[in-house]
Amino acid sequence: MALRYNANLQVQYPEDTLLGQVSEQTRNALESCWKERTYSSGQLILDAEAPAGDVLFLLQGAARVANFSAKGREVSFSSIVEGDCFGEFAMLDGAPRSASVLSMDKSRVATVPDAQFRGLLARHPDLSMALMRRLVEKLRDLTRRVSEFTAMRADDRIRLEILRLFRGAEAEDGTALLESPPTQAALAAFVFTNREAVAREIGRMKRKKLIERRGRALYTPSVDMIAEYQEAEAAE
């Protein structure tokens, strides 16, 4: 996304992210501790089973949390948005990293040593509360995804996730443009299916004029029409 700035020329992150929830004082304390690094698209930021260490913040770009089977198949857990942190599980319990994190675009990442981050949690209650909220949200999201996996067909999960993506980008007139949509392989990994199933469903939606390709972007003239299609198909 394009970064937004406040009157003090400080980046304004979305309110539902960790950096978007803390005070300016807490944000300054974090910035005084962190070091920044840039990652290219597809580069590994964190490796599963690596020793515990820094807490990381996605300052700019896109990333996703994933694991890989012994045969190399990817299972994607969640996306990381600008302003959110990752690596906090290992910081809290000292266990190895529970998943890998991949950069999905050119990304700028900040790292805070785990001991310093724990000190900040003790001194800044708003940081502690923001972290707890984000952990609860991650747990709710994983619970929802497990429920959908056990109760829904793969095609229904694909349609539902596509609807969520467009809802997140919906304009006031009901249209939506996904400027950097996930690849078919990434979407398949996220809903626990294969790329061919995603390609088939996207093809159906294009033929029904629900979505169209605009260069690298995906556009819909009506998010509500996608919702109606998704509900109708799920009812069959």
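The values are calculated or read from the model by the stated rules, or taken from the named source; none is laboratory data. None of the values given here were measured: they were computed from a predicted structure. Here the Cβ positions follow ideal geometry from the backbone for every residue, glycine too, while neighbour counts run over all protein chains shown.
Can you tell me which residues in region 192-236 are in contact with a strand residue (DSSP E or B) (Cβ under 9 Å, 6 or more places away or on another chain), of a type outside the set (Phe, Trp, Tyr) and either in a loop (DSSP other than H, G, I, E, B) or closer than 26 Å to residue 150 by Cβ (or both)?
202, 205, 210, 211, 221, 222, 226
Can you find, within region 167-191, the residue that is surrounded by the fewest Cβ atoms within 10 Å (Cβ to Cβ) among those that are in a helix (DSSP H, G or I) and within 14 Å of the chain's Cα centre (by Cα)? Please lay out each step first, then the result.
Here is the first cut: in region 167-191, the ones in a helix (DSSP H, G or I) are 167, 184-190.
From what is left, the residues that are within 14 Å of the chain's Cα centre (by Cα) are 186-187, 189-190.
Values: 186: 18, 187: 23, 189: 23, 190: 22.
So the residue we want is 186.
Test residue 137 against the stated conditions and say whether it is under 27 Å from residue 12 (Cα atoms), in a loop (DSSP other than H, G, I, E, B) and charged (D, E, K, R). Before you say what the answer is, go through the steps one by one.
On the way: under 27 Å from residue 12 (Cα atoms): yes; in a loop (DSSP other than H, G, I, E, B): no; charged (D, E, K, R): yes.
No.
Only one residue in 130, 95, 99, 90 is more than 21 Å from the chain's Cα centre (by Cα), in the same structural domain as residue 18 (by TED's automatic domain parsing) and among the aliphatic types (A, V, I, L, M). Which one? Please lay out each step first, then the result.
Working: 130 fails: more than 21 Å from the chain's Cα centre (by Cα); 99 fails: more than 21 Å from the chain's Cα centre (by Cα); 90 fails: more than 21 Å from the chain's Cα centre (by Cα).
On inspection, the qualifying residue turns out to be 95.
Looking at region 22-78, which of the residues that are among the β-branched types (Val, Ile, Thr) and within 25 Å of residue 113 (Cβ to Cβ) is surrounded by the fewest Cβ atoms within 10 Å (Cβ to Cβ)?
38
Quick one: would you say residue 120 is hydrophobic (A, V, I, L, M, F, W, C), without any contact (Cβ under 8 Å) to a residue 24 or more places away in the chain and in a helix (DSSP H, G or I)?
Working: hydrophobic (A, V, I, L, M, F, W, C): yes; without any contact (Cβ under 8 Å) to a residue 24 or more places away in the chain: no; in a helix (DSSP H, G or I): yes.
In short, no.
Looking at region 80-111 only, could you name the residues that are buried (at least 18 other Cβ atoms within 10 Å of the Cβ) and within 12 Å of residue 64 (Cβ to Cβ)?
The answer is 80, 84, 86, 99, 100, 101, 102, 103, 104, 107.
Quick check on residue 203: is it surrounded by 12 or more Cβ atoms within 10 Å (Cβ to Cβ) and over 22 Å from residue 75 (Cα atoms)?
Working: surrounded by 12 or more Cβ atoms within 10 Å (Cβ to Cβ): no; over 22 Å from residue 75 (Cα atoms): yes.
Here the answer is no, as residue 203 does not meet what is asked.
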